[in-house]
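The values are calculated or read from the model by the stated rules, or taken from the named source; none is laboratory data. Owing to the predicted nature of the structure, the values given are computational and were not obtained by experimental measurement. With ideal geometry, Cβ positions are generated from the backbone for all residues, glycine too; neighbour counts draw on all protein chains shown.
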Amino acid sequence: MIISIAIWMVSVVIAALYYKSSIQKLRTPYTFSYIMSEYQLGTYHMPLFITTKLAPLLIVVELLTAVWIFLPWTRLYGFILGACLQIVFFMLMFMNMRRNFPYGCGCFKMNAPSVITARHAWGNLVLCFVQVAVVIIVVAG
């Protein structure tokens, strides 16, 4: 019973995080596309014409994750999808640590300069671990 309540509370908080993040990106999708193109994958910069196609997809995936985590019958899949997103976000944050982004990091705030810090990377990793823990508890339960 206590575990069910704890999972429900974690679900509401994490669903709200994904919802807030995706809604912010929906308000300024072109800015989010530009921010995505600023991330480096090693020495590779993804061109803007590609990120303008990928950004809407990522926004939809984040919104879908929020809905799936919130709904009890899709919660497990939502947490799995969310953990996968957080692994990708952690790797991007880690590879771009200490870089200055003129329009923000693309997490929650946009149109304001931001420097990627260890706090950004660790925040994504902790969120991933929490979601993996919920998946393990639900599957083992």
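What are the residues in the range 112-121 that are within 21 Å of ALA55 (Cβ to Cβ), among the small types (Gly, Ala, Ser) and loosely packed, with under 15 Cβ neighbours inside 10 Å, if any? ALA112, the sole residue that qualifies.
For the condition of a type outside the set (Ser, Thr, Tyr), at pLDDT 90 or above and either closer than 26 Å to TRP8 by Cα or buried (at least 18 other Cβ atoms within 10 Å of the Cβ) (or both), ALA140 qualifies.
Looking only at residues in the range 59-88 that are of a type in the set (A, V, I, L, M, F, W, C) and touching a Gly at 6+ places or on another chain (Cβ under 9 Å), the one that is farthest from LEU17 (Cα to Cα) is LEU71.
Under 30 Å from ALA140 (Cα atoms), free of Cβ contacts under 8 Å to residues at least 12 places away in the same chain and over 12 Å from the mean Cα position of the chain (by Cα): does that describe SER11? Criteria not met by SER11.
Once the range 35-54 is narrowed to residues that are at pLDDT below 90 and of a type in the set (Phe, Trp, Tyr), the residue that is farthest from LEU127 (Cα to Cα) is PHE49.
Residues that are in contact with a Lys or Arg (Cβ under 9 Å, 6 or more places away or on another chain) and either within 28 Å of THR74 (Cα to Cα) or assigned to a loop (DSSP other than H, G, I, E, B) (or both) within the range 112-123 comprise ILE116, THR117, listed in sequence order.
Conditions tested, residue by residue: (1) among the aliphatic types (A, V, I, L, M); (2) touching a residue at least 60 places away in the same chain (Cβ under 8 Å); (3) under 20 Å from GLY82 (Cα atoms).
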residue	(1), (2), (3)
TYR30	no, no, no
GLU38	no, yes, no
MET46	yes, no, no
PHE49	no, no, no
THR52	no, no, no
VAL60	yes, no, yes
LEU63	yes, no, yes
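Would you check which residues across the range 95-123 are within 14 Å of GLU38 (Cα to Cα) and under 14 Å from the mean Cα position of the chain (by Cα) and list them? Scanning the range 95-123 gives CYS105, GLY106, CYS107.
When the range 124-141 is examined, which residues are found to be in a helix (DSSP H, G or I), over 16 Å from the mean Cα position of the chain (by Cα) and in contact (Cβ under 8 Å) with a residue 40 or more places away in the chain? The answer is VAL134, VAL135, ILE137, VAL138, VAL139.
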